[in-house]
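Peer 1: This is the structure I have questions about; it appears just below.
The values are calculated or read from the model by the stated rules, or taken from the named source; none is laboratory data. The shown structure was predicted, so the numbers you read here are calculated from the model rather than taken from an experiment. We place every Cβ from the backbone using ideal geometry, glycine too, and count neighbours over all the protein chains shown. Just the protein is used for accessible areas: all its heavy atoms, side chains included, with ligands, DNA and RNA removed. Shrake-Rupley method; radii C 1.70, N 1.55, O 1.52, S 1.80 Å.
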Amino acid sequence: MKKYLFPAFLLGWLTVSSPLSLAQTKGKPSFSGIYPHLAMYNNEGECGTGAVVPWAGRLWVVTYGPHLPFGSSDKLYEITPDLKQIVRPESVGGTPANRLIHPESNQLFIGPYAIDSKANVRVLPYKTMPGRHTGNARHLTDPKNKIYYGTMEEGFYEVDVNSLTPNQLYEDGNVKHKKESDESNNHQGALLPGAHGKGLYSGQGVMVYSNNGEPGPKALEQFDIEAGALAEWNGKDWTVVRRNQFVEVTGPGGLYGNPNPDTDPLWATGWDHKSVLLGVRDKTAGWRFFRLPKASHSYDGAHGWNTEWPRIRDVGTDNQPDYLMTMHGLFWRFPGDFTAASTAGIRPRSAYLKVIGDYTRWNDQLVFGCDDSAQKEFLNKRKAKGNIEGPGQSNSNLWFTSLNLPDQLGPNTAEGAVWLNEAVSGNQTSEPFLFAGWANRSAWVQNHGDQPVLLTFEVDKTGNGTWTTLRTETVGARGAAQVTFAADAPGEWIRVKPDQASRLSVHFSYSANDPRGTTFNPVFAGLSPVTTASTTGGLLYGLGKNRRALGLSALRYQGGNASSVGYYELDGDMKLVRKDDAQTQSFINEKFAIPQQAVTIEESSVLVVDDKGRRWRLPLGNAAYSDLTKQGALRICREVATERDLFNCHGTFYELPAENADGYAKIRPVASHNLRINDYASYRGLLVMTGIDLQQAAKNEHIIVSDDQKAAIWAGAIDDLWKLGKPTGHGGPWKNTSVNANETSDPYLIGFYDQRNLELSHKAKEPVTFTIEADPVGTGVWMPYKTVTVAPGKTVPFAFPKAFQARWIRFKTDKACTATAWLRYR
């Protein structure tokens, strides 16, 4: 909802005492918790939020550019309680994401800055401490007087907290090896395997450092190669703990460091191509690792660039800690007492679309610092976007939400594997995989070997390390099975072991019961329905050259034909004003034209052929979308959050990973709708859209109408899209299609939908047996699910049970025939 600023004392009173809408007062506007006037810009290829920390009665924020180890145009921002943004004159920029509060000296270290309790700022110059500052940690031997700085290219320093004098421990890789361009390979470090440093923390006598990428050209294209590392340093020597992509390293002490550094646990989060990884360090037992499912694959990519900075932060109070974890598009509740001996309590909350760099609790709200709009889209190019330009200037914003927002966004459906076509020894147990927290749980198992295998599933019921048998499953040679688990099956963690050696795949799929309906939230009122003949649309472009406005080449559509209304600009106060600027309007019309034939609309489904030549099929929505899509009247694909795309096709919004994160293979439907959305983009942290019914626009404060009443833009948060309603659709890979015997259909999307019904039929004169196969995640590993024999002239219906979860489905028949495989998702 659109809100306005109140004085701080009134804001607190209204929050707890009155349902009065803040929209009735004058002040700076906000839309879904995003205040456009707080947007942060730089002159670099990306402007992400690196750190967000309350300190000295203010909120402190740093932004970062992509690869700037010696400084940049980024700033240190001071946000007052009444939401005034102060750009600190001490700003020196760079690529910082580090933050630490040092209690002994009563200072906040954030980026290359030290801030005392009176908001005085001192700078650690990049000239004396170069590098992309990625983390801080308390000192191992002199924590009262020194702290550590770590950089993304393995530069390590100890810094005197009083004089700010740095002592170089290991030289930053950028000093002697300049990166060629933002899109070029990661540095090959001299100390450790992997690249692209992320986390830093200390305790138990070691400093722990993580990186989440890999050098070399392969990492720019393949998502499943060996990449990243978790390592620790004892003050003298480095030890590689694990060779995977790791990000956050922290402990229960968070930004302050662990209160009992000798005994408190250390936590690390990461991932590989199979699942999310969670590590915990015990001083005696060392590191133990667990696996969790992924809600989104947009964060994958062996280069490590798509993740930003996942975190675990305490967003509770002094009396009631509340740890919030972000990882692969899912909010998690994380237990503050998580140790190697007590692992219970991790729970999925809800899925999100924003790219979040850091977050905190401030004035009884959550504040997320985001990475919204990058001028360089880096490696995220694809045919469906055409030759569209990135925004003219990189920018991002803060997102203010209620404390319970992490429970209120998308369904927490997620999946992950412990083994993917891997050689496994007899009686070898997998790493523990999270089991608790979902209504519907199943596993896909595949035996790639030549002998039957008995798989035993064991659970740790209370997280104390005691394992008991839950069930067993025999999988035949070269066979596969779906194993379902009862809703009341106990267990915090699950693991699996075979009775003999084989090559195995074991993939867990979990889904929530989606409570959403199919009617959109009033926040979208005033957007034109797809069935309307006319609408007010326009092409959108975030202007460059420090103009800090959104350009709109406004269009009036009649059917699929567009006529120009004029050129408009939306400023930071969200005033949409007509401008006389034919040059900019012409630039927008040329560079942001909606591409023709981005997808193919067929009678059965939407056909997508990706940039690798792979074929994918998606459900159809309202029939009116077909002609409008063919006429190029609807934007299909655009980057709205950095390094991933928002795909809007035939009435459904999808999250679409970059091609280097496997693209369409890992697509995730967000919500379906019946809206005629002409264009959409990111601006000042907002999702903005065109396709407005001007007659209804005045009823919705999310719609900004121009000064001449002839153009309009909708504004909100990208995560408002969940409120459109659950994904629905109909279609299939075959509709009266001539097929050969044992010829598989194209993959058809089935993951993340709720009520799924199938009808199988054919035109042969004898019975035909259909085989249904599933690909659980999009890796191309297909597993047989069910066979259905259909008599001549008959249609056989089948309702998929809730326990069935897979991203893709395909079909084949045992005879050549004309076949139909038709699915309805309600």
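Peer 1: Which pairs turn up if I take residues in the stretch 505-529 that are loosely packed, with under 15 Cβ neighbours inside 10 Å and look for partners that are in a strand (DSSP E or B) with beta carbon separation below 6 Å, at least 6 apart in sequence or on another chain?
Peer 2: Pairs that qualify, where the first residue is loosely packed, with under 15 Cβ neighbours inside 10 Å and the partner is in a strand (DSSP E or B): there are none.
Peer 1: Filter the stretch 204-247 down to the residues that are part of a strand (DSSP E or B) and farther than 28 Å from Ser181 by Cβ and list them by number.
Peer 2: Answer for the stretch 204-247, where residues must be part of a strand (DSSP E or B) and farther than 28 Å from Ser181 by Cβ: Val206, Met207, Val208, Leu230, Glu232, Trp233, Trp238, Thr239, Val240, Val241, Arg242.
Peer 1: Among residues belonging to the stretch 578-622 that are within 20 Å of Phe647 (Cα to Cα) and among the aromatic types (Phe, Trp, Tyr), point out the one that is least open to solvent (accessible area, probe 1.4 Å).
Peer 2: Applying the filter and picking the extreme gives Phe592.
Peer 1: Thr462: more than 26 Å from Ser296 (Cα to Cα), β-branched (Val, Ile, Thr), in a strand (DSSP E or B) and in contact (Cβ under 8 Å) with a residue 60 or more places away in the chain, yes or no?
Peer 2: no
Peer 1: Also: Given the residues Asn678, Asn700, which is the only one that is touching a residue at least 24 places away in the same chain (Cβ under 8 Å), open to solvent by 10 Å² or more (accessible area, probe 1.4 Å) and more than 29 Å from Thr307 (Cα to Cα)?
Peer 2: Exactly one of Asn678, Asn700 is touching a residue at least 24 places away in the same chain (Cβ under 8 Å), open to solvent by 10 Å² or more (accessible area, probe 1.4 Å) and more than 29 Å from Thr307 (Cα to Cα), namely Asn700.
Peer 1: In the stretch 183-203, which residue that is of a type outside the set (Ser, Thr, Tyr) and not in a loop (DSSP other than H, G, I, E, B) is farthest from His273 (Cα to Cα)?
Peer 2: Ranking the qualifying residues of the stretch 183-203, first place goes to Gly203.
Peer 1: Give the residue that is nearest to Gln446 (Cα to Cα), with candidates limited to residues of the stretch 476-528 that are touching an Asp or Glu at 6+ places or on another chain (Cβ under 7 Å) and aromatic (Phe, Trp, Tyr).
Peer 2: Here the answer is Phe508.
Residue by residue, here is whether (1) surrounded by fewer than 24 Cβ atoms within 10 Å (Cβ to Cβ); (2) hydrophobic (A, V, I, L, M, F, W, C); (3) more than 25 Å from Leu266 (Cα to Cα); (4) in contact with a Phe, Trp or Tyr (Cβ under 9 Å, 6 or more places away or on another chain) holds:
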position	(1), (2), (3), (4)
Gln320	yes, no, no, no
Phe338	yes, yes, no, yes
Ala344	yes, yes, no, yes
Ile388	yes, yes, yes, yes
Leu398	no, yes, yes, yes
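Peer 1: Give the number of residues within the stretch 68-100 that are of a type in the set (Val, Ile, Thr), open to solvent by less than 10 Å² (accessible area, probe 1.4 Å) and over 17 Å from Thr360 (Cα atoms).
Peer 2: So the answer is 1.
Peer 1: Whether any residue in the stretch 726-747 is of a type outside the set (Ser, Thr, Tyr), open to solvent by 50 Å² or more (accessible area, probe 1.4 Å), at pLDDT 95 or above and within 28 Å of the chain's Cα centre (by Cα) is what I want to check.
Peer 2: yes
Peer 1: If you don't mind, another one. With respect to Glu590, determine if the residue is out of contact with any Gly (no Cβ under 9 Å at 6 or more places or on another chain), acidic (Asp, Glu) and either farther than 21 Å from Ser350 by Cβ or without any contact (Cβ under 8 Å) to a residue 60 or more places away in the chain (or both).
Peer 2: yes
Peer 1: What about Glu389, is it in a loop (DSSP other than H, G, I, E, B), in contact with a helix residue (DSSP H, G or I) (Cβ under 6 Å, 6 or more places away or on another chain) and farther than 30 Å from His448 by Cβ?
Peer 2: Spelling it out, Glu389 is indeed in a loop (DSSP other than H, G, I, E, B), in contact with a helix residue (DSSP H, G or I) (Cβ under 6 Å, 6 or more places away or on another chain) and farther than 30 Å from His448 by Cβ.
Peer 1: Of all residues in the stretch 210-253, which are in contact with an Asp or Glu (Cβ under 8 Å, 6 or more places away or on another chain), open to solvent by 20 Å² or more (accessible area, probe 1.4 Å) and over 17 Å from Asp300 (Cβ atoms)?
Peer 2: Within the stretch 210-253, Trp238, Thr239, Val241, Pro252 meet the criteria.
Peer 1: Quick one: would you say Tyr77 is closer than 25 Å to Ala374 by Cα, part of a loop (DSSP other than H, G, I, E, B) and either among the aromatic types (Phe, Trp, Tyr) or touching an Asp or Glu at 6+ places or on another chain (Cβ under 7 Å) (or both)?
Peer 2: No.
Peer 1: Sticking with this structure for a sec: Please go through the stretch 274-298 and give me each residue that is in a loop (DSSP other than H, G, I, E, B) and open to solvent by 10 Å² or more (accessible area, probe 1.4 Å), ordered by number.
Peer 2: Across the stretch 274-298, the qualifying residues are Lys274, Lys283, Thr284, Ala285.
Peer 1: Since Leu470 meets every condition but one in (1) open to solvent by 10 Å² or more (accessible area, probe 1.4 Å); (2) touching a residue at least 60 places away in the same chain (Cβ under 8 Å); (3) in contact with a Gly (Cβ under 9 Å, 6 or more places away or on another chain); (4) among the aliphatic types (A, V, I, L, M), which condition does it not meet?
Peer 2: Of the numbered conditions (1) open to solvent by 10 Å² or more (accessible area, probe 1.4 Å); (2) touching a residue at least 60 places away in the same chain (Cβ under 8 Å); (3) in contact with a Gly (Cβ under 9 Å, 6 or more places away or on another chain); (4) among the aliphatic types (A, V, I, L, M), the odd one out for Leu470 is (2).
Peer 1: Let me ask something else. Among Thr317, Thr326, which is assigned to a strand (DSSP E or B), β-branched (Val, Ile, Thr) and farther than 27 Å from Thr239 by Cβ?
Peer 2: Answer to the selection: Thr326.
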